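J.: Encoded as structure tokens, here's the structure I'll be asking about.
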Amino acid sequence: MPITRAILVLVAGALFAAACVGDAPVAPPASSSATAEVALPVGAAANSTDVGVAPAHSDQAGPPPASVSEGAAPSRTAASDGVSRGSSGGSQGAADRHPSEGDNPAGIAAATPAPTVAMSIPVNETIVVISAPTSTPTRTPTPQPTATPAPGGGPTIGGCAVFPSNNAWNANISAYPVHANSANFIAGINATGGTGFLHADFGGGGAYGIPYIVVPSTQPMVPVVFTDYGDESDPGPYPIPLTAPIEGGSDAHVLAVRQGECKLYELFASYVSGGSWFAASGAVWNLNSNALRPAGWTSADAAGLPILAGLARYDEAQAGVIKHALRFTVSQSQRGYILPATHWASSSTDPNRPPIGLRLRLKASYDISGYTGHSRVILQALKTYGMIVADNGSNWFISGAADTRWDDDDLNQLKLVPGSAFEAVNTGPIVTP
């Protein structure tokens, strides 16, 4: 090409590269307040997952940046169209610069899958060194029918079953009827941005995904100060060490399973200051119970659901089977939810937007025989257990635990799966606030 044009092309390319481097259900009866054991409906969803560890977090002072979800700051009760209190599972910013999009954090190479380790607690579970647990307010339960148990039982973490076998997270929904509005829900998701294809919001040598830890029964309790949604949070203290890993990005989730009592502690928009945890909201889940949040309540997730239950974990993928539904996000949802979700994340009344708690299933007709490795395991789980809309964020982003062993080349196969390969299943009516 002419010399002048060649020079211009080189200069433009250099400027672009520099810019890239800089981007661093029958509606439930009115609920007041009291937790109780409930069974879940056929097809309803509730809670499940094992341990992925992100880079260690050191004490952090000061609040995190504002959460991004549908263009809004963290607000759990939608005040305007498309407003959510959170963003995608792994953070909207991390999703935009996910290594599978073409870049990789400096110094982080793609992880090489490791062989399965035969032990009850995965090798990457972090055991950190609880005084007597603090009691939580009594709450009126949100009732549900019973779900079909997953054959062979569900997942376990730290020696604890991740919710009962008849919990909706662990329900086989492969034979559930297709939702009457399925086609419109799928079209609605695809019409609101993104590539229209599935995407793993985890990987990158452990840089992406939602970390969690397992702590022993002797883990000391730490005070928790709630900054935004204390009236919908389970009061502290929580047995979460101040050095626990915090999810990157604005959601800043912190998850911990306490052994012995088998309880799951989750925080949203978390940071450490002065020997205490500060968080926008928090929830404590009894892993031996099907109890839900009160109707209309959030949790550490916008949906009022547990987060850990819906994460794809390396150890189960490596073992060759994931026995629970996965968590995923959509950019725009409607003002409504389907149990076991108990909270909405939008003010939109568009009936073709997916409600929070909507469960999608990879169609039986979609051929996954050409997929390999962990992607094949994940796709089979999506056929058998499906995935649940848990928050507003990037369309078709499924959540996974942060783990250095994920192989991005393997996970990138998921980008070949179009959203049109999914269908919504009927797990109950949409509850509208």
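The values are calculated or read from the model by the stated rules, or taken from the named source; none is laboratory data. It should be emphasised that the depicted structure is a prediction, and the values quoted were computed from it without experimental measurement. Virtual Cβ from ideal backbone geometry, glycine too; neighbours counted across all protein chains shown. The protein model used for the area step is the full one, side chains on, heavy atoms only, and it has no ligands, DNA or RNA in it. Shrake-Rupley method; radii C 1.70, N 1.55, O 1.52, S 1.80 Å.
J.: Identify all residues within the stretch 378-420 that are of a type in the set (Gly, Ala, Ser) and either in a loop (DSSP other than H, G, I, E, B) or open to solvent by 10 Å² or more (accessible area, probe 1.4 Å) (or both); write none if there are none.
T.: Applying the first criterion (of a type in the set (Gly, Ala, Ser)) to the stretch 378-420 yields 381, 386, 390, 393-394, 399-402, 419-420.
Passing the criteria: Gly386, Gly393, Ser394, Ser399, Ala402, Ser420.
J.: May I pose another question? Return the residue satisfying two criteria in turn: it lies in the stretch 349-359 and is open to solvent by less than 10 Å² (accessible area, probe 1.4 Å) and of a type outside the set (Val, Ile, Thr), and of such residues it is nearest to Ser174 (Cα to Cα). Give the derivation first.
T.: First, the residues of the stretch 349-359 that are open to solvent by less than 10 Å² (accessible area, probe 1.4 Å): 354-359.
With of a type outside the set (Val, Ile, Thr) added as a condition, the list becomes 354-355, 357-359.
Numbers: Pro354: 20, Pro355: 20, Gly357: 17, Leu358: 15, Arg359: 11 Å.
Among those that are open to solvent by less than 10 Å² (accessible area, probe 1.4 Å) and of a type outside the set (Val, Ile, Thr), it is Arg359.
J.: Are there any pairs, at least 6 apart or on different chains, whose C-beta atoms fall under 9 Å, with the first in the stretch 261-273 and over 12 Å from Trp285 (Cα atoms) and open to solvent by 10 Å² or more (accessible area, probe 1.4 Å) and the second part of a strand (DSSP E or B) and aromatic (Phe, Trp, Tyr), and if so, which?
T.: Ala269/Phe278; Tyr271/Trp277; Tyr271/Phe278
J.: Are any residues in the stretch 316-333 open to solvent by 50 Å² or more (accessible area, probe 1.4 Å) and either part of a loop (DSSP other than H, G, I, E, B) or of a type in the set (Asp, Glu) (or both), and if so, which ones? Before the answer, list the steps.
T.: The initial filter retains those residues of the stretch 316-333 that are open to solvent by 50 Å² or more (accessible area, probe 1.4 Å), namely 318-319, 321, 323, 332.
Residues satisfying the conditions are Val321, Lys323, Gln332.
J.: While we're here: In this structure, is Ala424 in a strand (DSSP E or B), open to solvent by less than 10 Å² (accessible area, probe 1.4 Å) and not β-branched (Val, Ile, Thr)? Let's see the steps before the verdict.
T.: Numbers: in a strand (DSSP E or B): yes; open to solvent by less than 10 Å² (accessible area, probe 1.4 Å): yes; not β-branched (Val, Ile, Thr): yes.
Yes: the conditions hold for Ala424.
J.: Checking Phe278 against (1) in a strand (DSSP E or B); (2) open to solvent by less than 10 Å² (accessible area, probe 1.4 Å); (3) closer than 25 Å to Phe226 by Cα, which test does it fail?
T.: (2)
J.: For the stretch 291-336: of the residues being aromatic (Phe, Trp, Tyr) and in contact with a Ser or Thr (Cβ under 8 Å, 6 or more places away or on another chain), which is nearest to Asp391 (Cα to Cα)? Walk me through how you get there before you give the answer.
T.: To start, the set of residues in the stretch 291-336 that are aromatic (Phe, Trp, Tyr) comprises 297, 314, 328.
Filter once more, keeping what is in contact with a Ser or Thr (Cβ under 8 Å, 6 or more places away or on another chain): 297, 328.
On the way: Trp297: 14, Phe328: 7 Å.
The qualifying residue nearest to Asp391 (Cα to Cα) is Phe328.
J.: Looking only at residues in the stretch 188-243 that are of a type in the set (A, V, I, L, M) and assigned to a loop (DSSP other than H, G, I, E, B), which one is surrounded by the most Cβ atoms within 10 Å (Cβ to Cβ)?
T.: Going through the qualifying residues, I end up with Ile240.
J.: Residues being in contact with a helix residue (DSSP H, G or I) (Cβ under 9 Å, 6 or more places away or on another chain) and crowded, with 24+ Cβ neighbours inside 10 Å: count how many of those fall in the stretch 288-298.
T.: So in the stretch 288-298, the residues in contact with a helix residue (DSSP H, G or I) (Cβ under 9 Å, 6 or more places away or on another chain) come out as 290, 293-294, 296-298.
With the extra rule that they be crowded, with 24+ Cβ neighbours inside 10 Å, the set shrinks to 290, 293, 298.
Residues meeting the conditions: 3.
J.: Let me ask another. Cβ-Cβ distance below 7 Å, separation of 6 or more or different chains: which pairs start in the stretch 353-368 with a residue that is within 27 Å of Val431 (Cβ to Cβ) and end on one that is of a type in the set (A, V, I, L, M, F, W, C) and at pLDDT below 95?
T.: Within 7 Å, the pairs are Gly357/Ala45; Arg359/Ala45.
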